1. When you go through (1) modelled with pLDDT of 95 or more; (2) more than 9 Å from every other protein chain (Cβ to nearest Cβ); (3) open to solvent by 50 Å² or more (accessible area, probe 1.4 Å); (4) under 20 Å from residue B:137 (Cβ atoms) one by one for residue A:59, which number turns out not to apply?
2. Output the residues belonging to the range B:131-149 that are more than 7 Å from chain A (Cβ to nearest Cβ) and either in contact with a Phe, Trp or Tyr (Cβ under 8 Å, 6 or more places away or on another chain) or modelled with pLDDT of 90 or more (or both).
3. What helices (runs of 4 or more DSSP H) completely inside the range B:1-108 contain at least 3 residues that are closer than 20 Å to residue B:161 by Cβ, among the basic types (Lys, Arg) and free of Cβ contacts under 8 Å to residues at least 12 places away in the same chain?
4. Only one of (1) surrounded by fewer than 14 Cβ atoms within 10 Å (Cβ to Cβ); (2) under 23 Å from residue B:175 (Cβ atoms) is not met by residue B:51, so which one is it?
5. Give the residues of the range B:21-40 that are surrounded by 17 or more Cβ atoms within 10 Å (Cβ to Cβ) and farther than 25 Å from residue B:58 by Cα, sorted by residue number.
6. In contact (Cβ under 8 Å) with a residue 12 or more places away in the chain, within 14 Å of chain B (Cβ to nearest Cβ) and open to solvent by 50 Å² or more (accessible area, probe 1.4 Å), is that true of residue A:128?
7. Applying the selection to the range A:7-20, what residues are acidic (Asp, Glu) and surrounded by 15 or more Cβ atoms within 10 Å (Cβ to Cβ)?
There are 2 protein chains.
Amino acid sequence: MHNKLREHIEKIVQLNDDEFEFVCTHFTSRMFKKHQLLIQEGNPVKFSYFVVSGLLKLVHTDNSGKQHIVSFAMEDWWESDFNAYFAGTNATLSLECLEDTEVLCLLFEDYKKLCEGLQKMERFFLFKANHGFLASQHRIISSMTSNSKERYEQLLVQYPSLIQRVPKGLLAAYLGVSRETLSRLTP
Amino acid sequence: MHNKLREHIEKIVQLNDDEFEFVCTHFTSRMFKKHQLLIQEGNPVKFSYFVVSGLLKLVHTDNSGKQHIVSFAMEDWWESDFNAYFAGTNATLSLECLEDTEVLCLLFEDYKKLCEGLQKMERFFLFKANHGFLASQHRIISSMTSNSKERYEQLLVQYPSLIQRVPKGLLAAYLGVSRETLSRLTP
């Protein structure tokens, strides 16, 4: 399980065995069942999560009780209510399992210790943060310039395996279209 | 002018005089006139920019020639076509002055040298990258849950001085509403 983390980190920075052992001491492993909540709106957010296996949805519930999908996260992705995680505030988002899911949990204190103790890990997180920013910017531009059919096709090209696994109703919610509209788009 | 950079960095990490001098050797200063382009779509993107004074717009032009405002940047903000900057590809966005603007320019090579040479600067950029990601995520959630009136009011609270300076037509384009709709929202 930790091997997946090593492979993932070493796509960005190379670690020797001692360094990777140091990295591992900052993580704890947990299993969650389908439908379980990793983060619940209103509660403190202690951890960010590296997904070893499984699938998560990050959800914002608006004042009328409607759920909006902020993002999905599957193997090799990091997820949390990062706003609350970094600020030490309570969650405004919920993180829920769409499949049985195995994660590596990183306390915010341990994230800071990891960055301070090993500059390579600060570099790794900087790379991931820049990448996350660019993915969000791409999504903003796409929402301004593309219709739902084009956005669906972009998702298919970018994340083909994700599209296979996400229930169609949630995919429609993510794209901001009705279930019926999505049915007309899918082959 | 470099004092503004120091104040800006020291909101996140503290630097001694030698460290700040080292930081400064990585930047060059440039002045641009209103309407001048710092980045032109299709050209290489050599620099990211720290805005010392002035106001910029980052623009995506779609296939039909319509301009979409990706973001504005004023004093103390960083801006570039970061996707092209990090990947070494040509710009898909344009960066244009809305006012006479003074910037500090950072070559991508110098960004990397700065991070490698001074871990505090890697920490600074990590903080900024996380902040940029969260701002983008907030914008995505806001676009899913708020109408144009609410989005305008959120902007007023978050960036009151920006709203005063941005021409109303561009503000409408940023919010994705017509100039007429914006007029009904503004007092």
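1. (3)
2. Answer for the range B:131-149, where residues must be more than 7 Å from chain A (Cβ to nearest Cβ) and either in contact with a Phe, Trp or Tyr (Cβ under 8 Å, 6 or more places away or on another chain) or modelled with pLDDT of 90 or more (or both): B:131, B:135, B:138, B:142.
3. Here the list is empty.
4. Result: residue B:51 passes all but (1).
5. Across the range B:21-40, the qualifying residue is only B:23.
6. Numbers: in contact (Cβ under 8 Å) with a residue 12 or more places away in the chain: yes; within 14 Å of chain B (Cβ to nearest Cβ): yes; open to solvent by 50 Å² or more (accessible area, probe 1.4 Å): yes.
So residue A:128 fits the description; yes.
7. Across the range A:7-20, the qualifying residue is only A:19.
For every residue, the table says whether it meets (1) under 15 Å from residue A:102 (Cα atoms); (2) of a type outside the set (Asp, Glu).
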residue	(1), (2)
A:39	yes, yes
A:49	yes, yes
A:59	no, yes
A:67	no, yes
A:78	yes, yes
A:81	no, no
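The values are calculated or read from the model by the stated rules, or taken from the named source; none is laboratory data. Everything quoted here is computed from the prediction, not taken from an experiment. Because the Cβ atoms are built from the backbone with ideal geometry, glycine has one as well, and the counts that use them run over all protein chains shown. We work out accessible area using only protein heavy atoms, side chains counted, and drop any ligands, DNA or RNA first. Shrake-Rupley method; radii C 1.70, N 1.55, O 1.52, S 1.80 Å.
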